[in-house]
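To keep things clear, I will list the structure first and then write my remarks on it.
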Amino acid sequence: IPSPKTGKDVRMAQFEANRAMLKGYARRARASRFKGLFCIISDPVDHLCRSVFLESNRDERGKADFMGLLPEQLQGFGLGVMAARARYAARERGLPTEKVRVYGPHGAGLVVANAPGRNYDPGLSQLLTEATRTMNLRIRDLGFKPYIAPGLSSAAVSVLRLIRGQRHYGAIPLGGAYFGCESWMTPRGIRIFRENLHPALLDRISDAHRQLQTFPYDT
């Protein structure tokens, strides 16, 4: 993990090592015809979900045969702590927190909005996005690794809510990528929380989704 002084996204710096570690689990899930949920909490969760899905669906020669995990069997958990940090950033600035929204990847590409609909403020939302995305660096500057808040907000709480069929933050399969949003699991599969969005916010979300779609997962 690079020093905060480098300015690099510490989450993406972990991609190669964590992808290599998870490769064996993806192959084991394929070999055992695993039917349960494969939950990823290691950074960067969104990218690792897609990598595990692709790896589990390749044969011994590396050819895709889609005989492994289904897309909806995988979920990544990193957005919960970002939602908590976004609300904290809003509260620090004297803003209402009940309308704050978060979307997309846990880290670079994160989208924070002060409100989803007609009260959306582009400048304010960008300010909240930057504050939320870099809040972990504030903790690291104090000499601590921020793992308690993510372990609770993104992992323990979100996974329990998933299992209970409750609305939660997670990265789910969406158009060739795993994208962070609010959803819940039903007997018929994943349902996404839907609400009206401001056109400018929708553009930001679409751009974040395109970046995840075009990420070089196999290089």
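Key figures
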{"quantity": "Computed [θ] at 222 nm, helices only, for the chain once each DSSP H run of length n ≥ 4 contributes -39500 (n - 2.57)", "calculated": "-11500 deg cm²/dmol"}
{"quantity": "Amide H partners (placed H, <5 Å) of Gly78, local residues excluded", "calculated": "Ala171"}
{"quantity": "Shape of segment 173-219, Cα gyration tensor, a/c cut at 1.5", "calculated": "oblate"}
{"quantity": "Extension reserve of the Thr186-Thr97 stretch, reckoned as 0.36 nm per residue once the Cα distance is removed", "calculated": "29.2 nm"}
{"quantity": "Segment 1-139, accessible surface, carbon-and-sulfur percent (1.4 angstrom probe)", "calculated": "54"}
{"quantity": "Fraction of accessible area attributable to carbon and sulfur, segment 146-207 (%, probe 1.4 Å)", "calculated": "57"}
{"quantity": "For segment 201-213, Karplus couplings with θ = phi - 60° (6.51, -1.76, 1.60), whole Hz, Gly/Pro x", "calculated": "5, 4, 4, 5, 5, 4, 5, 4, 5, 4, 4, 6, 5"}
{"quantity": "Probe 1.4 Å, accessible area per residue of the chain, Å²", "calculated": "54"}
{"quantity": "From the coordinates shown, semi-axes √(5λ) of the Cα gyration tensor in Å corresponds to which of (i) 40, 20, 15; (ii) 117, 16, 9; (iii) 29, 20, 16", "calculated": "(iii)"}
{"quantity": "Of Val112, Leu127, Met67, farthest towards positive along the dipole that unit charges on Lys, Arg, Asp, Glu beta carbons give segment 6-161", "calculated": "Met67"}
{"quantity": "Dipole-positive endmost among Leu37, Phe193, Phe53 within the chain (Cβ charges, Cα centre)", "calculated": "Leu37"}
{"quantity": "Over segment 92-219, relative contact order from alpha-carbon pairs under 8 Å, at least 6 apart, %", "calculated": "25"}
{"quantity": "Distance between modelled label sites at Leu54 and Asp218, nm, 7 Å Cα→Cβ extension", "calculated": "0.7"}
{"quantity": "Dipole in debye (nearest 20) - the chain, about Cα centre, beta carbon charges: Lys, Arg +1; Asp, Glu -1", "calculated": "460"}
{"quantity": "Förster radius 35 Å - calculated FRET efficiency between Asp203 and Leu137 (Cβ-Cβ, nearest 0.05)", "calculated": "0.80"}
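The values are calculated or read from the model by the stated rules, or taken from the named source; none is laboratory data. These numbers come from a predicted model, not from an experiment. Neighbour counts are summed over all protein chains in view; Cβ atoms, including those assigned to glycine, are modelled from backbone coordinates with ideal geometry. Just the protein is used for accessible areas: all its heavy atoms, side chains included, with ligands, DNA and RNA removed. Shrake-Rupley method; radii C 1.70, N 1.55, O 1.52, S 1.80 Å.
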